[in-house]
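Below is one structure, written out as structure tokens, with a few remarks after it.
Every read-out reported here was derived from the displayed coordinates using simple, explicitly stated rules and does not represent laboratory data. All values derive from a computational prediction rather than experimental measurement. Cβ sites come from the backbone with ideal geometry, for glycine too, and all protein chains shown count toward neighbours.
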Amino acid sequence: MIYQGKQNIWSDYQKEIPHDHWFYVRSCIRQSFFPASEYFFVKIVRDLLGKDLYESKHHTTCGGIAYHCDTIPQETAMTIVARQFALMTEAGYKNLVASCITSFGNYTETLETWREFPELEARIRENLWKACRREFEKPEYVAHASDIVYMLRNEIAEKAKVRLIDKTTGEPLRIVEHIGCHYSKMFPHKGVGGAEYPCVLSGMVESWGGQVIDYPERRHCCGFGFRQYLVKANRGYSVSNTHKKFESMEPYHPDAIITNCPGCPYFLDRWQYVISEQTGKTYGRDGFGIPVFTYEELAGLVLGYDPWDLGLQVHQVAVEPFLDKLGVAYDPDAKYLGVNKEELLKPTLPTVLKCF
Amino acid sequence: MDYFEELNKDYRFKEGFHTCINCGTCTAVCPAAEFYRYDPRRIVSIVQTRDNERIENLLKSDTIWYCGECMSCVTRCPRKNGPGLVIMALRDLSIRLGFFTESEKGRQIYPLTKALNGNVLGLGYCIHPSTFRFEDHPESGPVFQWVLDNKETVYSRLGANYGRDGAGALRKIPREDLDELKAIYDVTGGSERLELVEKHSRQKAEEMGMNMEEYTQYTFSHCSPGHFNNED
């Protein structure tokens, strides 16, 4: 009886993710900071696993960052979202997948608000027609890109070249997961596992052989806070929140962090650099930091792709100690080459955080 | 003007404001309250009084600008309130009434508005490497300085379609799509909002004896003492 009750409760936290035919919309932050992750999302989902994933060159920002920095009215943000829906409809798709967590939250907030207030949906349709002469069907399903990788995690595991195992000790690598706030804190029923038991990333880690590490501030925000990072005067908020998380996870000695939000891998990576410069403290072993990966980067490593093709050279925290534990081959001399393998002047090194 | 009634027209307020029982759960989980002198419980409590003078003080204060809109409070409120959504409605009203220039954190709306909407309307992105200035973002680290110094080749190396036609990351958004974004701003009040922020910020800059370049830099960079919990 108790077991059945638990099963019923757990079923409330599950998502029925459609298996195929997706209209893909990109993330402003990920394109700027981790473009290879989006490249490998498409490569893995479309080319390797054969799913239908379509991108329109006409889609734009969803306006989510401008909206959450309070610089545009809600109707402006919703009408930009409606335009993305129109592009999806025109392309013949019903399932929308967003690369960005802020976008995922923005699309979900729009649809949920329209559900509560149909008169607002009617006004946005009118706005879109006036502005763009476009009409749309609402998506039948909105997913975050990490939902798709979660859904395909076992297929990825079947094709894995390596597992998340320390090749020296044979023990599972210790992975911390960090889920972006707008994935399931606003609308818990829209995230795999809800807000209480989000398993979108831990499910990937476990499928690929790693061990998920719990720690007290696991669900604390990375500290992006939109205006709290984008305005220079406010960045104390941002770094302080990241610092709180690292102080909390430090005693558990994670080998790496996996994230699903555009901002989180950037902040958790870069603020380690800033904390090291300001205080001299580093959180990894031997003066290194704790590497922070997107789920596509970790999937790519498991599938055997070259670390520099995956874009790991644009992390500030060195990834090499993690690659060594994993037993992944890489060419140190190829790390900072250009697209035609031309030599480029290498980045300068931080004063404290150990890098290559 | 009855501020409470104005707030009540905002759909975020309708979604996020029910009866607050003042339990303080929102403040306990709030990443902003941890570091800033900020208490979302108190803000919702003030709004709940419907006291026009107290709400006006809020609209002119720094406190409504401390929230990071992470919405951690939405998950935890036992009464299904969303203090973060109430904050969004308060900020919107503060901007519409021009009250945002009365506080240091409110004045930051100016550089944010210029930068983000310049990117949206000019490029089709909220954030874009071509307008991301390393000198404004030293925390992005030497590795990102390297990326910015070698944009064309590094972004191509990373699989992007930087500044070119077609699909792909960092592609050039076609002119006709940027025109549609502009039309959306015009129809939905976005363009009017930009003009309003510009007008009030110019007035404030004049009061403060600054030209707009100085005002932009000052509001972007200056942090007075007194915002943080750990200050005397």
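Computed over chain B with a Gaussian network model linking Cα atoms closer than 10 Å, the most mobile of B:R164, B:R42, B:R50 is B:R164.
Taking A:C132, A:C100, A:C222 in turn, the Gaussian network model of chain A (Cα-Cα springs below 10 Å) assigns the largest fluctuation to A:C132. Rounded to the nearest 20 debye, the dipole magnitude of chain A is 560 debye, with +1 charges on Lys and Arg beta carbons, -1 on Asp and Glu beta carbons, and the Cα centre as origin.
Restricting attention to the range A:160-334, lysine pairs at least eight places apart or on different chains and with alpha-carbon atoms under 22 angstrom apart total 8.
Partner lysines whose Cα lies under 16 Å from the Cα of B:K172, excluding those fewer than 8 positions away in the same chain, are identified as A:K57, B:K151. The longest stretch of chain A left intact once loop-based GluC sites (Glu not before Pro) with at most 16 other Cβ atoms within 10 Å are removed from consideration, loops following DSSP, is A:218-341. Looking at the protein assembly as shown, the DSSP beta bridges with both ends there are about 10 percent antiparallel. For the range A:160-334, a Kirkwood hydrodynamic radius built from all Cα pairs, placed in the Stokes-Einstein relation at 20 °C and 1.002 mPa s, yields a translational diffusion coefficient of 130 µm²/s. Within the shell of other residues whose beta carbon sits under 15 angstrom from the beta carbon of B:Y218, the net charge comes to 0, with Lys and Arg scored +1 and Asp and Glu -1. Among A:K138, A:K325, A:K232, the residue with the largest mean-square fluctuation in a Gaussian network model of chain A, with springs joining Cα atoms closer than 10 Å, is A:K232.
How many angstrom lie between the C-alpha centres of the range A:263-281 and the range B:150-220? Result: 27 Å between the Cα centres. Cβ-to-Cβ counts within 10 Å put A:F226, B:F228, A:F187 in ascending order as B:F228, A:F187, A:F226, the fewest first. Per residue of peptide B:59-69, the mean number of Cβ atoms on other chains within 10 Å of the residue Cβ is 4. For chain A, relative contact order (Cα pairs under 8 Å, six or more residues apart, normalised by length) works out to 18 percent. Residue order for A:W308, A:W22, A:W129, fewest other beta carbons within 10 angstrom first, comes to A:W129, A:W308, A:W22. For the range B:3-104, the residue among B:P40, B:A89, B:N22 whose Cα projects farthest onto the positive side of the dipole built from Cβ charges is B:N22.
Can you tell me how the protein assembly as shown classifies by the Cα gyration tensor, rounded, prolate or oblate, using a/c under 1.5 as the rounded cut?
rounded
Compute the signed sum of charges (Lys and Arg +1, Asp and Glu -1) over the other residues within less than 12 Å, Cβ to Cβ, of B:A28. Net charge in that neighbourhood comes out at 0. Across peptide A:327-337, the mean count of Cβ atoms from other chains lying within 10 Å of each residue's own Cβ comes to 1. Cβ-to-Cβ counts within 10 Å put A:F41, B:F4, B:F220 in ascending order as B:F4, B:F220, A:F41, the fewest first. Within chain B, the proportion of Cα pairs with more than 32 Å between them is 32 percent.
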